[in-house]
Amino acid sequence: MSDRNFVRGFLRFHLNQCYVNILPRPPLFLSAYALVLSGNHVFTSGAGGTHAATIRGALRAERPDLLTVVLPQSLSKQPKESQELLKDVEDLITMPQNDELSLDAASRKCNSYLLSCTDHLVSFAFHESKTVIEAAKEARQLDMLVTTLYLD
């Protein structure tokens, strides 16, 4: 169990690119916002697309101490728009040691790291989201509370 007085949750969003443009982001924003408002620490990886909605929601709750963003690679590998958003994140962890890896391989390492920092995993995915499904399986093996919400 957590040594802190709040739940440490890892929100993981991995969506196939063809769905990103049609998925309404307000539920992702609101999920992060509500979790932080209720005192939960939210961890997420990446800063684009659905991760950006998570970051914006958590920051909107005005408790930057309850948001941790872990990038699977260095900050310089992120798009300029993501770099701008990440300027507002106090707890930003980068993994430049993964820069030579494919983003998929770097994301797997990042997920394992995130799972070691958290007590719960809440993920939004499609059934073909292999990386997220693997993270959920790993979390269950670690005896974590896992919630996967399938969007298809």
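The values are calculated or read from the model by the stated rules, or taken from the named source; none is laboratory data. These numbers come from a predicted model, not from an experiment. No Cβ is skipped: glycine too gets one built from the backbone with ideal geometry, and neighbour counts run over all protein chains shown.
Here are a few things to note about the model shown:
One line per residue, one yes/no per condition, for (1) assigned to a loop (DSSP other than H, G, I, E, B); (2) under 25 Å from residue 143 (Cβ atoms):
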| residue | (1), (2) |
| --- | --- |
| 55 | no, no |
| 59 | no, no |
| 83 | no, no |
| 100 | yes, no |
| 109 | no, yes |
| 116 | no, yes |
| 121 | no, yes |
| 124 | no, yes |
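- Hey, residue 100 modelled with pLDDT of 90 or more and either surrounded by fewer than 14 Cβ atoms within 10 Å (Cβ to Cβ) or in contact with a Gly (Cβ under 8 Å, 6 or more places away or on another chain) (or both) or not: yes
- Any hit, the range 106-117, residues being in contact with a Gly (Cβ under 9 Å, 6 or more places away or on another chain), among the hydroxyl-bearing types (Ser, Thr, Tyr) and modelled with pLDDT under 90: yes
- Scan of the range 118-135 for residues that are without any contact (Cβ under 8 Å) to a residue 40 or more places away in the chain and not charged (D, E, K, R), ordered by number: 127, 133
- Failed criterion for residue 133 (all others in (1) over 19 Å from residue 59 (Cα atoms); (2) touching a Ser or Thr at 6+ places or on another chain (Cβ under 6 Å); (3) β-branched (Val, Ile, Thr) hold): (2)
- Flag for residue 66 being crowded, with 21+ Cβ neighbours inside 10 Å, over 11 Å from the mean Cα position of the chain (by Cα), more than 18 Å from residue 124 (Cα to Cα) and modelled with pLDDT of 90 or more: yes
- Applying the criterion of being part of a helix (DSSP H, G or I), modelled with pLDDT under 85 and of a type outside the set (Val, Ile, Thr) to the residues of the range 30-51, the residue that is farthest from the chain's Cα centre (by Cα) is 49.
- Of note, residue 60 does not satisfy the criterion of being farther than 16 Å from residue 131 by Cβ, modelled with pLDDT under 90 and surrounded by 14 or more Cβ atoms within 10 Å (Cβ to Cβ).
- Residue check, residue 138 assigned to a helix (DSSP H, G or I) and either within 23 Å of residue 41 (Cβ to Cβ) or at pLDDT below 95 (or both): yes
- The one condition in (1) hydrophobic (A, V, I, L, M, F, W, C); (2) modelled with pLDDT under 90; (3) more than 20 Å from residue 34 (Cβ to Cβ); (4) in contact with a helix residue (DSSP H, G or I) (Cβ under 9 Å, 6 or more places away or on another chain) that residue 145 fails to fulfil: (3)
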